[in-house]
Each structure stands twice: as C-alpha cells, then as structure tokens.
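Below: the structure, in structure tokens.
The values are calculated or read from the model by the stated rules, or taken from the named source; none is laboratory data. What you are looking at is a predicted structure, and each value in this text was computed from that prediction instead of being measured. Cβ sites come from the backbone with ideal geometry, for glycine too, and all protein chains shown count toward neighbours. Heads up: the accessible areas ignore ligands, DNA and RNA and are worked out on the full protein's heavy atoms, side chains in. Shrake-Rupley method; radii C 1.70, N 1.55, O 1.52, S 1.80 Å.
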Amino acid sequence: MIRKSLIEREKKRKKLEQKYYLIRRSSKKEISKILSLSQKWKIHGKLESLSRNNAPTRLHRRCFLTGRLRANYWNFGLSGHILREMVNSSLLPGATRSSW
C-alpha cells in the first residue's frame, strides 16, 4: 500500500490543476496569437510564475485499490498485478485469461 501523504499530495495537485486550468489555457492561446517576441516572453513569464504543482503533467494515475503508480490500465483504473488477480478470480466480468 502507498503512504497516505502521497495520495493526499496527488489530490492537492489535481485540485490545483483544475483551479488554474483556464488561466493556463488562456495564456497559451495569447502566446499563439501574439507576433512580437517581447510580449510572448512576458506572457511566458506569467506561466512560469504559476506553481509547478498545478501543471497537468505533474499528475499521475494511480491504482484505485493499492495506489500503485506504475503499470496502470486506464480503462480499469487498476495496476497490472491487481488486475491479473481479479481476472484469475473471475471478479471482472468479460475479462478472460489468455492461454495458448
């Protein structure tokens, strides 16, 4: 299991990302519309002044049950080994084990 502090940190980042989404999007549109380089640098400075934790690239998908960061299947929201255990015990309808 993952530590609770890491889960809370991810929740905080998600809230921040949602809060600053419109600001980031509008300033990026402004950069694409403006032709002068000096004005682009000013707007880019505004983007850099925002917190890093509100950037969408800082968010991670985590396993719904264990909180594991790696090997996530986005359509199930589970990590690989949990998904395999659930398929083997027939807890996921429609999922079958591969056998050859």
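Return the FRET efficiency for the residue pair residue 36, residue 66: r is the Cβ-Cβ distance, R0 is 35 Å, and the value is rounded to the nearest 0.05.
That gives a FRET efficiency of 0.10.
First check a/c for the stretch 1-60, with a ≥ b ≥ c the square roots of the eigenvalues of its C-alpha gyration tensor; if it is under 1.5, answer rounded, and if not, answer prolate when a/b is larger than b/c or oblate otherwise.
prolate
Could you provide, to the nearest whole Å², the per residue accessible area of the stretch 1-60 with probe 1.4 Å?
85 Å²
Relative contact order of the chain: what whole-number percent is it, with Cα pairs under 8 angstrom and at least 6 residues apart?
For the chain, the relative contact order is 24 percent.
With axes computed from alpha carbons, what is the tilt in degrees of helix 4-19 against the longest principal axis of the chain, rounded to the nearest 10 within 0 to 90?
Tilt relative to the chain: about 40 degrees.
Quick one: pull the percentage of alpha-carbon pairs in the chain with a separation above 19 Å.
Percentage above 19 Å: 59.
Could you compute the net charge surrounding residue 15? Neighbours are other residues with a C-beta less than 14 Å from the C-beta of residue 15; K and R count +1, D and E count -1.
In short, +4.
Give the carbon-plus-sulfur fraction of the accessible surface of the chain in %, rounded to a whole number; probe 1.4 Å, heavy atoms of protein chains only.
55 percent
Report, ordered by chain and residue number, the lysines lying within cross-link reach of residue 14, taken as a straight Cα distance under 23 Å and ignoring same-chain residues fewer than 8 apart.
4, 28, 29, 46
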